[in-house]
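Below you'll find the structure, written out as structure tokens, and then a few comments.
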Amino acid sequence: MTLLALNPDSLPPPRGYSHGMKGAGELVFVAGKIGSNREGRVVSPDFLSQFQRALENVLDVVWAAGGRPTDIARMVVYVTDKDEYMARTREIGEFWRSRMGRHYPAMALLEVKSLLDSEAKVEIEATAVL
């Protein structure tokens, strides 16, 4: 299944996301994933390390369903400090492209007061279409 990015001219050009995605197939809903290892421990206090592990954890679920990173149609990223996220966007972008290529799903970024695991700084949930 190929997803089609929807970026109408009536909206500003997106950077690092798409305004919408269109596709048909089986849906895979990935629960919020934090930057934790197999034992359930947060990998590091470093924001970038947590982002990287959280995205890897999302991708692990998509792979387990038989999908690929390009099957992800939507993501929601929760961060506890948007300034910390903004300060690391270049590094996040480099890592993103190493794992996702130039595939940019419909996305939302939300700053939240805290996450369930008090050490977590980022949580990512996703929807894929296979």
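The Cα-based radius of gyration and maximum Cα-Cα distance (Dmax) for segment 80-130 are 12.5, 34 Å.
Per-atom-type breakdown for the chain gives carbon and sulfur 50% of the accessible area (1.4 Å probe, protein chains only).
Against the chain, whose longest principal axis comes from its Cα atoms, helix 47-64 is set at around 50 degrees. For Cα extents along the principal axes in Å, computed directly from the structure shown, the correct entry in (i) 47, 30, 22; (ii) 43, 29, 26; (iii) 38, 33, 25 is (iii). Sparse packing (at most 10 other Cβ atoms within 10 Å of the Cβ) combined with a DSSP loop state is found for none of the chymotrypsin sites (Phe, Trp or Tyr not before Pro) in segment 1-76. Each residue of segment 24-29 is assigned a 3J(HN,Hα), and the resulting list reads 9, x, 6, 9, 10, 9 Hz, derived from the Karplus form 6.51 cos²θ - 1.76 cosθ + 1.60 (θ = phi - 60°), x at Gly and Pro.
Taking the Cα centre of the chain as the origin, how large is its charge dipole in debye, to the nearest 20, when only Lys and Arg (+1) and Asp and Glu (-1) carry charge on their Cβ atoms? Don't jump to the answer; show the numbers that get you there.
Numbers: 16 positive and 17 negative charges, 65 e Å.
That gives the chain a dipole magnitude of about 320 debye.
Model label points for L11 and E94, set 7 angstrom from Cα along the Cα-to-Cβ axis, are 3.0 nm apart.
Summing +1 for each Lys or Arg and -1 for each Asp or Glu, what net charge is found among the other residues whose Cβ lies under 11 Å from the Cβ of A65?
Here the count lands on -2.
These residues, I34, I124, go from largest to smallest accessible area, 1.4 Å probe, as I34, I124. Since only I34, T89, L48 are under comparison, the one whose Cα sits farthest along the positive direction of the charge dipole of the chain, derived from C-beta charges on Lys, Arg, Asp and Glu, is T89. In a DSSP loop and with at most 12 other Cβ atoms within 10 Å, the trypsin sites (Lys or Arg not before Pro) in segment 13-109 are R15, R38, R41, R102.
The values are calculated or read from the model by the stated rules, or taken from the named source; none is laboratory data. Since we're looking at a predicted model, the values are computed, not measured. All Cβ positions, glycine included, derive from the backbone under ideal geometry; neighbour counts span all protein chains shown. Surface areas here come from the heavy atoms of the whole protein model, side chains and all, with no ligands, DNA or RNA. Shrake-Rupley method; radii C 1.70, N 1.55, O 1.52, S 1.80 Å.
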